[in-house]
């Protein structure tokens, strides 16, 4: 039996801004191929947690490992889909150029034709290949979010992180987005960060909640809760009354052949 | 008009030709840097740098006239102040978002005031307005060479780092996740803009540099499909405005810098109005 490698591991992580403790003693992990939801109300520290995972902030205490390595070293293996509330509609850019941006890095420059071919492939994955040359500003909010998913997928990441992926999204775009994620599930680790603490997609394997501040501790911690299927719906209910140790999981299990 | 062209090709009057060359060379900077400044929405920062430059000019004039540092060129003082203010503004912008506006306005005002104070104490008469509004007809061959060198540097940087510049301008957080040193890119953009501001202020003046960094790029932005076409369009508009301003200014005996900016402003406002009307009509027909 081959153990499925750990995709992300937090060990006793604490983080504070100069005048505010945000996270304290956060310990959890999940494995490659899992579909994970990280939920918490607005202002609970989700964005900070996300920044730690993405290497945009550094923890003051504890360790974070991504695919067994440091966050900075393994960051190129992440595909990140931001909520993108700060989008500037006057920025002149086409759909394919946004997707091609997913392959940019500090030094390496691939051939433009190669990048373009990979970008078209990524757009096919989100079913937007017909909009290749359309100005990005002319798309609906849902289509823009799917273009950002394509931008994250173009570098063929092993882990996809989506921040509030369905916020302000129409139902059709939401359905198509989850179809894309369903196809990726198993091969790509998926982490969805959302403020809806009651329900998550039925694709979700496990849910981690940023819980309220515990008396005596400075910041919030992360707790794993149970999930139950909602009858006749494509959602799972978060059982806040059933707590699972944050570092517990059903693994090791066999790698899919 | 024909008089203008006769003078343009006259071997005895080089300053009109120099002015036209300055128009061509500065258009590249206005077009490329202006597009980056516009899409990154840092025109306010560039404005503060361009005005703080007056402090350096005033200080250099004072040090030179009082023989403390003999023959110190105002441009040296301008470059030192431009770079210092660029780094200061850049660091404040990155580290202290809450106080950003106040600090930027303070640098803007203090820089200008230092300039006026030193000029007031400089022996002989120094007119601050010649630095504020520039005079393209006083462009020297040395200015042209410096402009050409900066053009080459900016073109090389954009050619080599276009994807990184585009990514940091469009979505800074995503660019950082992709491993691009976004803060360094931001500080380099500010510093190059600061040096460009110093060279360009002798063409249209400190006050108007910021207008030329935003208006041609803003005009090009209405039709551009991407950042590269915005840069090319803004460069062409800059050249048209510069050449048009030079011809009109010379023919009508008006200050060229001011004519260039009024021309650029009118064209930008026409584009903005036409786009608004078009949008309104589209909304009406779809309702």
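The values are calculated or read from the model by the stated rules, or taken from the named source; none is laboratory data. Predicted model only: the values in this text are computed from it and were never measured. A quick note on method: Cβ atoms are made from the backbone with ideal geometry, for glycine too, and the neighbour counts reach across all protein chains shown.
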Query - Residue, farthest from the other protein chains (Cβ to nearest Cβ), within the stretch A:98-119, restricted to residues that are more than 22 Å from the chain's Cα centre (by Cα) and part of a helix (DSSP H, G or I) - result: A:117
Requested in this report: Sort out which residues of the stretch A:150-176 are in contact with a strand residue (DSSP E or B) (Cβ under 7 Å, 6 or more places away or on another chain) and modelled with pLDDT of 90 or more, and write them in order of number.
Outcome: A:152, A:153, A:155, A:157, A:158, A:159, A:160, A:161, A:162, A:163
Requested in this report: Among the candidates B:234, B:258, single out the residue that is assigned to a helix (DSSP H, G or I), crowded, with 20+ Cβ neighbours inside 10 Å, touching a residue at least 24 places away in the same chain (Cβ under 8 Å) and within 15 Å of the chain's Cα centre (by Cα).
Outcome: B:234
Report summary line: Picking from B:92, B:39, B:76, the residue that is surrounded by 14 or more Cβ atoms within 10 Å (Cβ to Cβ), without any contact (Cβ under 8 Å) to a residue 24 or more places away in the chain and within 21 Å of the chain's Cα centre (by Cα) would be B:76
Query raised in the report: Considering the stretch B:166-222 alone, what residues qualify as being at positive phi and either assigned to a helix (DSSP H, G or I) or surrounded by fewer than 24 Cβ atoms within 10 Å (Cβ to Cβ) (or both)?
Result: B:179
Query raised in the report: Got a number for residues in the stretch A:189-212 being in contact (Cβ under 8 Å) with a residue 40 or more places away in the chain and within 21 Å of residue A:231 (Cβ to Cβ)?
Result: 10
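Taking only the stretch B:117-137 into account, find how many residues are surrounded by 14 or more Cβ atoms within 10 Å (Cβ to Cβ) and either in contact with a helix residue (DSSP H, G or I) (Cβ under 6 Å, 6 or more places away or on another chain) or not in a loop (DSSP other than H, G, I, E, B) (or both).
So the answer is 12.
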Requested in this report: Starting from residues that are in contact (Cβ under 8 Å) with a residue 24 or more places away in the chain and within 14 Å of chain B (Cβ to nearest Cβ), keep the ones in the stretch A:60-77 and report whichever is nearest to residue A:104 (Cα to Cα).
Outcome: A:76
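Quick one: which of B:206, B:189, B:232, B:210 is within 14 Å of chain A (Cβ to nearest Cβ) and either out of contact with any strand residue (DSSP E or B) (no Cβ under 7 Å at 6 or more places or on another chain) or modelled with pLDDT under 90 (or both)?
Every option except B:232 fails the conditions.
Just one of B:39, B:80 is more than 20 Å from residue B:207 (Cβ to Cβ), in contact with a helix residue (DSSP H, G or I) (Cβ under 8 Å, 6 or more places away or on another chain) and within 14 Å of chain A (Cβ to nearest Cβ); which is it?
Selected residue: B:39, the only one of B:39, B:80 that is more than 20 Å from residue B:207 (Cβ to Cβ), in contact with a helix residue (DSSP H, G or I) (Cβ under 8 Å, 6 or more places away or on another chain) and within 14 Å of chain A (Cβ to nearest Cβ).
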Requested in this report: Give the residue, chosen from A:149, A:193, that is assigned to a helix (DSSP H, G or I) and surrounded by 19 or more Cβ atoms within 10 Å (Cβ to Cβ).
Outcome: A:149
Report task. Assess whether residue B:158 counts as being within 23 Å of residue B:56 (Cβ to Cβ) and either in contact with a helix residue (DSSP H, G or I) (Cβ under 8 Å, 6 or more places away or on another chain) or surrounded by fewer than 18 Cβ atoms within 10 Å (Cβ to Cβ) (or both). Result -> no
Query raised in the report: Does residue A:32 count as away from chain B (no Cβ under 14 Å) and farther than 26 Å from residue A:178 by Cβ?
Result: no
Query raised in the report: Is it fair to say residue B:217 is in contact with a helix residue (DSSP H, G or I) (Cβ under 8 Å, 6 or more places away or on another chain), within 12 Å of chain A (Cβ to nearest Cβ) and touching a residue at least 40 places away in the same chain (Cβ under 8 Å)?
Result: yes
